[in-house]
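The values are calculated or read from the model by the stated rules, or taken from the named source; none is laboratory data. This one's a predicted model, so the numbers in the text were calculated from it and none came from an experiment. Neighbour counts run over all protein chains shown; Cβ positions are idealised from the backbone, glycine included. Just the protein is used for accessible areas: all its heavy atoms, side chains included, with ligands, DNA and RNA removed. Shrake-Rupley method; radii C 1.70, N 1.55, O 1.52, S 1.80 Å.
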Amino acid sequence: MGCLAPHPPHVVYAENPEQNEAFSEGGWETLRWGYNRLARKLKAIDYDAMVIFTPHWQTYIGTHFLGLSEFKSKSVDPVFPNIFRFNYDISVDVDLAEKMCEVAGESGIITKMMRNPDFRIDYGTITSCHMLNPEWDKPLVTISSNSNAHYYSPEVMNEQASALGEACARAIEESGKKVVLISSHSLSHRHFVTESPLPEDMSREHIYNHSQYVWDMKLVDMMRSGKMREVIDIMPEFTEQTIAETEAGGLTWMMAAMGYPDYPAEIYGYQSVIGTGNLIAAWDPMESTREIVL
Ligand SMILES: [Fe+2]
């Protein structure tokens with residue numbers, strides 16, 4: 001199964017988990033309730049690990065994989081330290097990460113295992129994984145994003161991320177494990193420029209640019225119609241016009257790993273957070289459990 005799981009730290013802040021130091025009065029319920037529903041579905045299926053591709057672990061030489069069995073520290077959002085200071089304790093499926101690193105390396109992709117015990121886990125990984133599995137009872141494999149869009153172009157990003165997705169799928173098949181893939185990012189990514197005094201004041205939360213909204217809805221329609229090959233084909237244009245975090249390659253990676261689904265995506269919610277367009281969606285390859293959620 002694959003999940004598009006946006007990572008504004010606001011949704012973790014709004015949930016008030018014991019790991020986060022900040023306290024909120026709520027907010028962003030449309031997104032959080034969608035996440036809660038998808039988390040319940042994940043509870044009901046049998047899988048071994050979560051494999052997450054994050055745009056907030058950027059590597060400039062190759063693709064890196066977390067390579068120690070435990071990472072424990074505090075993650076502070078660099079833009080919103082007022083709402084996100086999260087004490088994490090993450091377990092990693094190192095065998096699966098090494099297998100992905102090896103298979104991707106054999107296919108010509110530059111790879112490296114991250115073995116620094118003091119390495120700080122990015123808030124994208126923490127937010128998406130917390131919202132999908134608040135019990136934190138599954139090991140992770142976290143994959144960095146190599147900044148091909150920065151170096152070259154979104155077209156090169158699309159090709160490189162596809163190759164990485166195909167390699168990761170081969171590694172997963174060879175491992176014999178069952179995994180949930182996670183692509184951690186929003187859709188359109190235009191931020192507001194003035195933060196409200198109370199972050200969870202929902203009277204201030206809305207999209208700030210209609211063109212961005214129209215792009216997001218276009219993508220949702222295509223996802224509902226099972227047109228993921230077409231979505232990936234237009235990813236370079238979408239990425240440039242909406243300054244989207246898809247520039248890191250997460251959605252392309254996940255769709256390539258899943259063989260570009262031609263069945264409908266499950267839509268769990270869409271909401272603006274600081275003006276960015278956030279969609280929660282999932283691709284369930286099992287027809288017997290695939291649902292029309294929204
Ligand atoms: Fe982000």
Task: Filter pass, Y263 being open to solvent by 10 Å² or more (accessible area, probe 1.4 Å) and either over 30 Å from E195 (Cβ atoms) or of a type in the set (D, E) (or both) - done: yes
TODO: Please tell me if P197 is touching a helix residue (DSSP H, G or I) at 6+ places or on another chain (Cβ under 6 Å) and more than 16 Å from the ligand (Cβ to nearest atom).
DONE: no
Task: Within region 97-128, considering residues that are more than 15 Å from the ligand (Cβ to nearest atom) and of a type in the set (S, T, Y), the one farthest from P17 (Cα to Cα) - done: S107
Open item on the list: Yes or no: region 146-153 includes at least one residue that is at pLDDT 95 or above and open to solvent by less than 40 Å² (accessible area, probe 1.4 Å).
Closed with: no
- [ ] Assess whether L38 counts as being within 16 Å of the ligand (Cβ to nearest atom), in a helix (DSSP H, G or I), modelled with pLDDT of 95 or more and touching a strand residue (DSSP E or B) at 6+ places or on another chain (Cβ under 6 Å).
- [x] no
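From the list L187, L181, L198, exactly one residue is under 30 Å from S272 (Cα atoms), touching a residue at least 40 places away in the same chain (Cβ under 8 Å), out of contact with any Phe, Trp or Tyr (no Cβ under 7 Å at 6 or more places or on another chain) and part of a strand (DSSP E or B). Which is it?
When all the criteria are applied, what remains is L181.
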- [ ] Kindly state which strands (runs of 3 or more DSSP E) lie completely within region 55-128 and contain at least 3 residues that are more than 30 Å from P199 (Cβ to Cβ), open to solvent by 20 Å² or more (accessible area, probe 1.4 Å) and in contact with a Ser or Thr (Cβ under 9 Å, 6 or more places away or on another chain).
- [x] 111-114
TODO: Quick one: W28 ticks every box in (1) open to solvent by less than 10 Å² (accessible area, probe 1.4 Å); (2) more than 16 Å from the ligand (Cβ to nearest atom); (3) farther than 28 Å from Q160 by Cβ; (4) of a type in the set (A, V, I, L, M, F, W, C) except a single one, so which number is it?
DONE: (2)
TODO: Mind listing whichever residues of region 129-166 are within 16 Å of the ligand (Cβ to nearest atom), touching a Leu at 6+ places or on another chain (Cβ under 7 Å) and outside any helix (DSSP H, G or I)?
DONE: T142
Open item on the list: Give me the residue from region 167-191 that is open to solvent by less than 40 Å² (accessible area, probe 1.4 Å), within 16 Å of the ligand (Cβ to nearest atom) and not polar (S, T, N, Q) and, out of that set, nearest to Y208 (Cα to Cα).
Closed with: L187
